[in-house]
1. Sequence-distant or interchain residues sharing an amide H contact under 5 Å with Phe110, placed H: which?
2. Please list 91-100, 65-74, 47-56 highest first by mean number of surrounding beta-carbon atoms within 10 Å per residue.
3. So what's the Cα pair-distance distribution over the range 34-128, bin width 10 Å, in %?
4. Treating the beta-carbon of each Lys and Arg as +1 and of each Asp and Glu as -1, no other charges, what is the dipole magnitude of the range 34-128 about its Cα centre, to the nearest 20 debye?
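What follows draws every value from the coordinates through simple rules; no lab data is involved. In this text, all values refer to a predicted model and were calculated from it rather than measured experimentally. Ideal geometry is used to build each Cβ from the backbone, glycine not excepted, and the neighbour counts take in all protein chains shown.
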Amino acid sequence: MSKIFKRLSEAFSLKTKSGHTSPQSATVYETPSLPIVDIIKLYERDPTCKASVDLLAASAVGMGFYTTVNERYEKAVEAKKVVDQFNGDVNLDALLSDMARVLIACGNDFWLKITPERLVDLHRLQIDVKERIEQSCIHNSSLKIS
C-alpha cells in the first residue's frame, strides 16, 4: 500500500524548478516500480532473459544503419563516403545495437551530449545509476536525471 501512495504522491505533487528552457515550471517525477538495477542483474544472470532481449534488439536494428544518397546530387558519392566514414569512425552500428538492448530491457537509455552544435563528446550514461527522472509537465524539452 505504501508503494501505491508513494507513486500517487510523486505523480500529483507539483514542484517548481528552474532551468534553461522552462524556468519555474511544474514537474512530475517518474520512479520505476521495479528497480533498474534488478532488471540489469536479471539480464546479466538469466540466459533466457538475455537471449530474448538480444534477439529482439537484433531484430529491431538488423545490421545497423544503411545509408542512401540522391544520385542527382552533384557530390553524391563524396557525401555518402563522408557519412559512411563517420559511421565507421564512431562505430554507430554498435552503438545502435547497444542502445536497442538497453531500451528493450529497461525501457530507457540515456546519453549526454556536451557540445550541442556537433555530434562530439557524446557520453552514454549508465542506466542503473539513476534513481529518478524529472520531467516538466508544461515543457517537454526539459529533462533532469538524478
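1. Leu125
2. Answer by packing, highest mean first, reads 91-100, 47-56, 65-74.
3. 14, 34, 30, 15, 5, 1
4. The dipole of the range 34-128 has a size of about 80 debye.
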